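Notes to accompany the following structure.
The values are calculated or read from the model by the stated rules, or taken from the named source; none is laboratory data. As the structure is a prediction and not an experimental result, all values here were calculated from the model. Every residue, glycine among them, receives a Cβ derived from its backbone with ideal geometry; neighbour counts consider all protein chains shown. SASA here: full protein model, heavy atoms, side chains in, ligands and nucleic acids out. Shrake-Rupley method; radii C 1.70, N 1.55, O 1.52, S 1.80 Å.
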Amino acid sequence: MTDLRFTLPDKSELVLPAGTTGRQIAASIGAKLAAAALGVAVDGEIFDLDRPLAAGGAARIITAQPRGVKDGEIDRLDREALALIRHSASHVMAEAIVSLFPEAKLVYGPPVENGFYYDIDLDRPLGSDDFPAIEAAMAKIVAADKPFRRIECTREEAMARVAGDAYKTENLRAVPEGEVISFYRTGDDPGAFTDLCRGPHVPSAGRIGAFKLMQVSGAYLHGDEKQKQLKRVYGTAWPTKTALEAYLERLKLAQERDHRKLGQDLEIFSIADEVGSGLILWLPNGAVIRQELEALAAEREFLAGYKRVATPHITKAALYHRSGHLPYYQGSMYPPMTLDDDQEYYLKPMNCPHHHMIYLARPRSYRELPLRLAEYGDCYRYEKSGELAGLLRVRGMCMNDAHIYCSLDQVREEFLGTINLSRYYYEMFRIKDFWIRLSLHSKDKDKYIANEDLWEKSEEIVRDVLKECGLPFEERTGEAAFYGPKIDYQLRNVIGREETASTTQLDFAMPERFDLVYTAPDGTRRRPLVIHRAPLGTHERMIAFLLEHLGGAFPTWLAPVQVVVIPVAERFERYARDIAARLRTDLLRAEVDDSADSFNKKIRNAVTGKTPNVWIVGGKEQAAEAVTWRRHCVAQQATMKLAEAYEALAESRRARLMDNFPDVHPRGWENAARRGSDSSGNGPEAV
RNA sequence: GCUGCUGUAGCUCAGGUGGUAGAGCACCUCCUUGGUAAGGAGGAGGUCCUGGGUUCAAAUCCCAGCAGCAGCUCCA
């Protein structure tokens, strides 16, 4: 037996005899560390604290102490420590459930982002009513604080142990040949709860700290809809009760930012049973935001050389036969309307076929390419009921759609143009929490159209363009659309759910199906490529994200009410009304709060209503032909001449300043407002 | 679509074990109001999600449906 050499995080070296454990490493550093230790990482691999180590390397003791951060910064608690705690909590929950329902069969129970779950096959209904009993049983196990004993064995021994348990037998078969097979047992009693598990776990049940069961849901075995549906019990676990409570508090705070709540409070949209689920009623405030987004898109697209088109909402079946969407996608289309002459009409699930028809409206020349056809188009898709969620997943949506028809040697530049457009929007909205996915094809012949040469070429182009832009992205093989590679901007909402917000897709299938051609300089007929793109996604999804991203506090240019003028007393209502009327002649959305509310209440209403600009007027202002300007985003306020205020407000609207971010108004925003036309740093330059 | 939870006034929610509903905010009316997050008084407002069933009697119990929420699956 040779000694093992460990390098500690501070670069010091430690030499211990072979078979030493993480606990001994920790103890040799300090008693306090040994007491706090939950596990040990050697060269990145995590081991049970008491597991004899076979090899040395870079060693790090895992504790639940936040590393070098202040109390309460639970986000940065050691992820590995949390995973250990949660994996063990999952194990304890399984033990508790089996003790209460002996017929329950355990399947799989990993730690996940904010907690853990265990998939269980149990025919009895399981609901939150059962949580107190399960939690009580878990608490008992945790209080007993028995060590988790690791039992390693051969494949044959393991097979004998799990005999009769189809799920665990299957799990065991999935363990790669040559990998160590282990079970974990609670305590030393040979009859105690034992589960096939790769580990690692915290040293003993008492180290779990605080846990709470969160919910139960169905989950298909292996994630396959055709397989049996299991019961998945979700829980969360934290090193301390304080950390658990902070997490629950965070969840509550997130709910305050939920677009469904903000959308209701701020009267953005509404959904009515009598209209249908997933079908959005845009209230006046929401309609303003849509209108502003459309104006933004129209402007950017005009500058980028797009032409606007408009197409109908219903269309004969023949078009979707031609596009290939029938019958393959019929399941997610609304069923057809059949007219007297047996003609079937469908609600359109996408705009591309119509745009292709516009392309086909007359013969096209190479001189017209790239031809960019844009439309904010309404589409209807029959999404499964369980998939609908507020504005994020709907059945009726309005897409920021466009199709670019171009030749292969134009693809690169056009793709770059669409990426720059997306990037412009994201920078302008200051959306930073997103990632870009490049979806590529696989060799699966059933899934992708056969044109390996075109695939290779186009994927190369798209990848190059992304690299050239310097945008970080992740490649996903086998996730491309059947007709070509695509780039998606993935956003996370406030609940942590991820959705595609923007997309750019290359298409070499549709030009074939629609027999799209153009006449080349040499007089021959050539086929264009099609780029589908939707940088602002759909109104529904984009406004949902904006609501959550901005917490409902829209910048002046987007805000449904841009200015509320509040007189300090009734005597000044006339002055206030004159100001608002003047603002409205500049097409600014200005209102006077001439309600019977007290002055204080009016201020409060403007604040809770998240109006970006509040102009207060009284005797002082009237005498000076001025207003006192209070912004939603900054603590300061400033009194300024009306002429200046009008100009600053109009400029904010014109330049689409994100003036809801306090840093747009550095060091006393009144100066920033006075500068007016200086928009540097407030938005990207033109694409 | 599947698993679980939920559905009471415009909103947020109370209404042990069956006896035809209540609060706060919002709304309306009146009074009050000269300076930065809730002035006061009064009033109006409910098919208790829908449809069946049990019962002398159902917001409450049972069944079915619809809708919402979380998750699974799916997402051209």
Check: Rounded if a/c is under 1.5, else prolate if a/b is larger than b/c, else oblate: which is the stretch A:3-63, with a ≥ b ≥ c the root eigenvalues of its Cα gyration tensor?
Finding: rounded
Checklist line | Gained length - A:GLU157 relative to A:ALA58, 0.36 nm times residue gap less alpha-carbon distance | finding: 32.3 nm
Next item on the list: Could you pull the accessible area for A:SER407 with a 1.4 Å probe, rounded to 10 Å²?
Entry: 10 Å²
Margin query: Nothing charged except the Cβ atoms of Lys and Arg (+1) and of Asp and Glu (-1): what's the magnitude of the dipole of the stretch A:563-675 about its Cα centre? Round to the nearest 20 debye.
Written below: 220 debye
Next item on the list: Answer with one residue from A:TYR380, A:ASN420, A:ASN400: the one whose Cα lies farthest towards the positive end of the charge dipole of the stretch A:287-425, charges on Cβ with Lys, Arg +1 and Asp, Glu -1.
Entry: A:ASN420
Notebook entry, point to check: Given the Cα-Cα distance of A:ASP121 and A:LYS601 and 0.36 nm per residue of separation, how much length would full extension add, in nm?
Noted result: 167.2 nm
Next item on the list: Summarise the accessible area of chain A (1.4 Å probe, protein heavy atoms) by the percent that is carbon and sulfur.
Entry: 50 percent
Item checked: Per DSSP, loop trypsin sites (Lys or Arg not before Pro) in the stretch A:351-404 with at most 15 further Cβ within 10 Å -> A:LYS384
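Which trypsin sites (Lys or Arg not before Pro) in the stretch A:203-235 sit in a loop by DSSP (not H, G, I, E or B) and have at most 16 other Cβ atoms within 10 Å of their own Cβ? Intermediate results must be reported in sequence, preceding the final value.
Numbers: sites: A:ARG207, A:LYS212, A:LYS226, A:LYS228, A:LYS231, A:ARG232; in loops: A:LYS226, A:LYS228.
Passing both the DSSP loop test and the Cβ count: A:LYS226, A:LYS228.
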Notebook entry, point to check: Dimensions of chain A along principal axes (Cα, Å, largest first)?
Noted result: 85, 75, 55
Note to self: Can you find, among A:THR585, A:GLN291, A:ILE141, the residue sitting farthest towards the positive end of the charge dipole of chain A, where Lys and Arg contribute +1 and Asp and Glu -1 at Cβ?
What the structure shows: A:THR585
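For A:ARG150, A:ARG533, A:ARG574, give me the order by solvent-accessible area with a 1.4 Å probe, most accessible first, ignoring ligands, DNA and RNA. Working shown, then result.
Numbers: A:ARG150 60, A:ARG533 0, A:ARG574 165 Å².
Ranked from most to least accessible, the order is A:ARG574, A:ARG150, A:ARG533.
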Notebook entry, point to check: Hey, what's the Kirkwood Rh for the stretch A:144-194 if you take every pair of different alpha carbons, in angstrom?
Noted result: 11.8 Å
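Mind ranking A:MET658, A:MET214 by accessible surface for me, highest first, 1.4 Å probe? Mind showing how you got there, number by number?
Details: A:MET658 0, A:MET214 65 Å².
Largest accessible area first, the list is A:MET214, A:MET658.
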Item checked: Length gained when the stretch A:ALA317-A:ALA635 is fully extended (0.36 nm per residue, less Cα-Cα span) -> 108.6 nm
Check: Counting Lys +1, Arg +1, Asp -1, Glu -1, what net charge surrounds A:PRO203 among other residues with beta carbon under 11 Å of its beta carbon?
Finding: +3
Next item on the list: Show which lysines lie in cross-link reach of A:LYS620 when reach means a straight Cα distance below 16 angstrom and same-chain residues fewer than eight apart are skipped.
Entry: A:LYS641
Notebook entry, point to check: Excluding ligands, DNA and RNA, what is the solvent-accessible area per residue of the stretch A:514-656 at a probe of 1.4 Å, expressed in Å²?
Noted result: 42 Å²
Checklist line | 16 Å tail of the calculated P(r), the stretch A:184-250, as % of Cα pairs | finding: 67 percent
Check: How big is the charge dipole of chain A about its Cα centre, in debye rounded to the nearest 20, if each Lys and Arg gets +1 on its Cβ and each Asp and Glu gets -1 on its Cβ?
Finding: 1060 debye
Next item on the list: Note down the net charge around A:MET93, summing +1 for each Lys or Arg and -1 for each Asp or Glu among other residues with Cβ under 14 Å from its Cβ.
Entry: 0
Notebook entry, point to check: Taking a point 7 angstrom from the Cα of A:SER332 along the C-beta vector, which residues in the stretch A:502-536 have backbone N less than 20 Å away?
Noted result: A:502-511, A:531-536
Next item on the list: Quote the accessible area belonging to A:TYR518 in square angstrom, nearest 10, computed with a 1.4 Å probe and with ligands, DNA and RNA left uncounted.
Entry: 20 Å²
Item checked: Accessible area (Å², per residue) of the stretch A:79-248, counting only protein heavy atoms and a probe of 1.4 Å -> 48 Å²
Check: Rounded to the nearest 20 Debye, what is the dipole magnitude of the stretch A:3-63 about its Cα centre when Lys and Arg each give +1 and Asp and Glu each give -1 at the C-beta?
Finding: 160 debye
Margin query: For the pairs A:LYS226/A:LYS467; A:LYS443/A:LYS467; A:LYS32/A:LYS252; A:LYS307/A:LYS348; A:LYS432/A:LYS610, flag any whose C-alpha to C-alpha distance is greater than 32 Å.
Written below: A:LYS226/A:LYS467; A:LYS32/A:LYS252
Next item on the list: Measure out, as a whole number of angstrom, how far apart the alpha-carbon centroids of the stretch A:538-572 and the stretch A:185-209 sit.
Entry: 54 Å
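Using heavy-atom solvent-accessible surface (probe 1.4 Å) with all chains present, what is the largest-first order of A:ASP593, A:ASP273? Provide the component values of the computation, followed by the final result.
Working: A:ASP593 25, A:ASP273 150 Å².
If we order A:ASP593, A:ASP273 from most to least accessible, we get A:ASP273, A:ASP593.
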Check: For A:ALA144 and A:GLU573, FRET efficiency with R0 = 60 Å and r from the beta-carbon atoms, rounded to 0.05?
Finding: 0.25
Check: Angle, helix A:241-256 long axis vs. longest principal axis of chain A, Cα atoms, 0 to 90°, nearest 10?
Finding: 20 degrees
Item checked: Heavy atoms of A:TYR382: accessible area, 1.4 Å probe, square angstrom to 10 -> 100 Å²
Notebook entry, point to check: What does the charge count near A:LEU248 come to, summing +1 for each Lys or Arg and -1 for each Asp or Glu among other residues with Cβ under 14 Å from its Cβ?
Noted result: +1
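Using r as the Cβ-Cβ distance of A:THR240 and A:LYS261, and R0 as 30 Å, what FRET efficiency do you calculate, to the nearest 0.05? Walk me through the numbers before you get to the answer.
Numbers: r = 30 Å, r/R0 = 0.99.
Plugging the Cβ-Cβ distance into 1/(1 + (r/R0)^6) gives 0.50.
With both bridge residues required to lie in the stretch A:563-675, what share of the DSSP beta bridges run antiparallel, to the nearest 5%? Please list the in-between numbers first.
Numbers: 9 of 17 bridges.
Counting DSSP beta bridges with both partners in the stretch A:563-675, the antiparallel share is about 55 percent.
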Notebook entry, point to check: So for the pair A:PHE302, A:LYS620, with labels modelled 7 Å out along Cα→Cβ, what separation do we get in nm?
Noted result: 4.2 nm
Checklist line | Positive-pole candidate from A:VAL664, A:SER652, A:VAL607, dipole of the stretch A:563-675, charges at beta carbon | finding: A:VAL664
Check: ³J(HN,Hα) across the stretch A:620-636 via Karplus (A = 6.51, B = -1.76, C = 1.60, θ = phi - 60°), whole Hz, x for Gly/Pro?
Finding: 4, 5, 4, 4, 9, 6, 9, 9, 9, 9, 10, 9, 5, 9, 10, 6, 6
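In deg cm²/dmol and to the nearest 500, what is the mean residue ellipticity at 222 nm of chain A if only DSSP H runs of at least 4 residues count, each as -39500 (n - 2.57), divided by the residue total? Could the numbers behind the result be given before it?
Values: 20 runs with 228 residues, N = 687.
Rounded to the nearest 500, the figure is -10000 deg cm²/dmol.
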Margin query: Give me the one-decimal nm value for the distance between modelled label points at A:LEU248 and A:ALA192, 7 Å along each residue's Cα-to-Cβ direction.
Written below: 2.9 nm
